[in-house]
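Chemist: Please read through the structure below; I'll follow up with questions.
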Amino acid sequence: MQIELPIGLLFSRTGSYGTVAHSLLNGALLACREVNENPDVGVRLLPVLSDPGGVLENYASATQAFLDQGIRHICGCYTSSSRKEVIPLIEKGDALLWYPTHYEGFESATNVIYTGAAPNHHISPLIDYLFTRCGRKAYCIGSNYIWGWESNRVLREGILRRGGTVLGERYVPVGVTALDTIIDEILRLQPDFVFNALIGESSYAFFRAFRRACRERGIDQAVRFPVASCNLSEPELYAIGAEAAAGQISSSVYFSSLTDDANRAFVARYRVAFPDGPCVSAEAEAAYVAIHLLAKSVAAAGSGDMVRVRDAAGGIGFDAPQGRVTIDATTLHAALTPRIGISRADFGFDVVVEAPAPVPADPYLVGVAPETEVAARPRVRVVS
C-alpha cells in the first residue's frame, strides 16, 4: 500500500538570497518527482509550496499555515535566522523540519533533521586549507545575523588555536551592498586571506567590488587576498558575474563538477527538469537528499507519524550525488564528505581537496579541543 504524504516546501525563491533558495526548491521538487515515479519506494509525496520572499517575519506565518493544513513534514529555510524562527512552531506542532542547508552548528533540535553541512564539514577543513596554502592572518566579514556571527566565531577560535591572527571582523545587514569602507580596511590591514560569511546580494557585491578595487591597484586578488567562503555555490558565481567569478575558494560537501556517474546523471536530470535554472548547487543537492531521506524514513516507519519517522530516520542512508549520506540517530545530522573547490571563469569549480569517506557530523565541535584537534579533523586528500 502506498503512503500519501503532504509536505511543505519553505523556500524564498524571491528576495535578496532568492537565487540560491530557488536552487534548493528545485532540488526538492526533483526528488519529489523521482520518489513519486518509483513505485518501489511505497510513498507518494504531495508538495505544497510557500515563498516567504526572504522576509524573516513571513517564515512563522508560512509555517503555521502548513501546520493548519495538517502538514507535519516541512523541508526548507536557507538562513539560520529563518530556521530559528520556525523551530518553536515545528516543536509545538509535533512536526519535523528537514533542514537542507550548510549551517554554523551548535544546535541539535529533536524536531529537525539536518542534511546540510555542519561546521566540521566545512569550516574546520577550510581553516586547515587556508593555513597550509595562504597564511596565518585573517580578515572576517559577514552578514549581521547568526550565520555570520557564529561562522566567524568558529573560524576565529580555530585560527587562534593554531597561532594565527584575526586582523578585523566586520558585519553588514543582509542585503547591504555598500562595502567600500570595509574593502579599504582590508587593503590597509593586509591579511593573508579573507573569510566571507556574507549571504546573497551582499556577498555578490563584495566579490565584485573587492576584485575591482584590487585590479585598480594592480593586485591579483585571487593570489594576494584570496577570499574563502563556506556558502559559495555555482548559481552564485553567475550572480557575481564574469568579472569576479574565477579564483574564489569554497568549502562544501558537493560541487556539480564531481565526475562520478551518479553525479553526472543527477546533473543531467536537473538540467532537463529546470532548463531556466538556477543551476545545480550544493544547496540543491542537499534539498534533493533531504526529500529522498524523508521518503525512505516514511517508508521505513510505515506512516507519516512524526515520532515514528524521526526514529526511523536514524541510520537511514542514501547514495547521493556527493556520495553516501547517512543520518546519525543521536544528532539527527548527516554524515557528509568535505571538499574544497576553486571557482573557474566558466562558473564551475575545480575540486582540489576532498575527504576519502563521509565524515560524521560534529555540530558542537566536541572533537576539536587543542589536545585532540589533529586527531578529530577529517582527513582529506589533495586531488589536484
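The values are calculated or read from the model by the stated rules, or taken from the named source; none is laboratory data. Small disclaimer: the values here were computed from a predicted structure and weren't measured. In this analysis, Cβ positions are derived from the backbone assuming ideal geometry, glycine residues included, and neighbour counts consider all displayed protein chains.
Chemist: Which of (1) more than 19 Å from the chain's Cα centre (by Cα); (2) within 19 Å of ASP94 (Cα to Cα) does TYR59 not meet, given it meets every other one?
Modeler: (1)
Chemist: For PRO191, all conditions in the list (1) outside any loop (DSSP other than H, G, I, E, B); (2) touching a strand residue (DSSP E or B) at 6+ places or on another chain (Cβ under 8 Å) hold save one; what is the number of the exception?
Modeler: Failing condition for PRO191: (1).
Chemist: Let me ask something additional. With the requirement that a residue be of a type in the set (Gly, Ala, Ser) and in contact with a Pro (Cβ under 8 Å, 6 or more places away or on another chain), what does the stretch 285-328 give you?
Modeler: ALA286, ALA287, ALA290, GLY323
Chemist: Just checking, which of ALA361, ALA335 is aliphatic (A, V, I, L, M), surrounded by 14 or more Cβ atoms within 10 Å (Cβ to Cβ), at pLDDT 95 or above and assigned to a strand (DSSP E or B)?
Modeler: It is ALA335.
Chemist: Another question, if that's okay. Of all residues being part of a loop (DSSP other than H, G, I, E, B) and of a type in the set (Ser, Thr, Tyr) in the stretch 276-304, which is farthest from the chain's Cα centre (by Cα)? Just the residue, please. Reasoning before the result, please.
Modeler: Of the residues in the stretch 276-304, the ones part of a loop (DSSP other than H, G, I, E, B) are 276-281, 302-304.
Filter again for of a type in the set (Ser, Thr, Tyr), leaving 281, 303.
On the way: SER281: 9, SER303: 29 Å.
For the stretch 276-304, the residue satisfying everything is SER303.
Chemist: Go through the stretch 134-145 and give me each residue that's of a type outside the set (Ser, Thr, Tyr), touching a residue at least 60 places away in the same chain (Cβ under 8 Å) and surrounded by fewer than 20 Cβ atoms within 10 Å (Cβ to Cβ).
Modeler: CYS134, the sole residue that qualifies.
Chemist: Residue check, SER202 against (1) in a helix (DSSP H, G or I); (2) hydroxyl-bearing (Ser, Thr, Tyr); (3) within 16 Å of PHE347 (Cα to Cα), all met but one. Which one?
Modeler: (3)
Chemist: Same structure again: Listed residues TYR59, TYR78; which is touching a residue at least 60 places away in the same chain (Cβ under 8 Å) and aromatic (Phe, Trp, Tyr)?
Modeler: Values: TYR59 fails: touching a residue at least 60 places away in the same chain (Cβ under 8 Å).
It is TYR78.
Every residue, every condition in (1) over 20 Å from the mean Cα position of the chain (by Cα); (2) among the hydroxyl-bearing types (Ser, Thr, Tyr), yes or no:
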{"residue": "ASP184", "(1), (2)": "yes, no"}
{"residue": "GLU201", "(1), (2)": "no, no"}
{"residue": "TYR204", "(1), (2)": "no, yes"}
{"residue": "ARG215", "(1), (2)": "yes, no"}
{"residue": "ALA245", "(1), (2)": "no, no"}
{"residue": "ILE249", "(1), (2)": "no, no"}
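Chemist: Now for a different question. Tally up the residues in the stretch 239-260 that are assigned to a loop (DSSP other than H, G, I, E, B) and touching a His at 6+ places or on another chain (Cβ under 6 Å), please. Lay out the reasoning, then the answer.
Modeler: Looking only at the stretch 239-260, we keep the residues that are assigned to a loop (DSSP other than H, G, I, E, B), and these are 241-248, 253-260.
Add one more test, that the residue is touching a His at 6+ places or on another chain (Cβ under 6 Å), and what stays is 253.
So the count comes out to 1.
Chemist: Evaluate the following for VAL267: is it under 30 Å from GLY93 (Cβ atoms) and either β-branched (Val, Ile, Thr) or assigned by TED's automatic domain parsing to the domain that holds CYS77 (or both)?
Modeler: no
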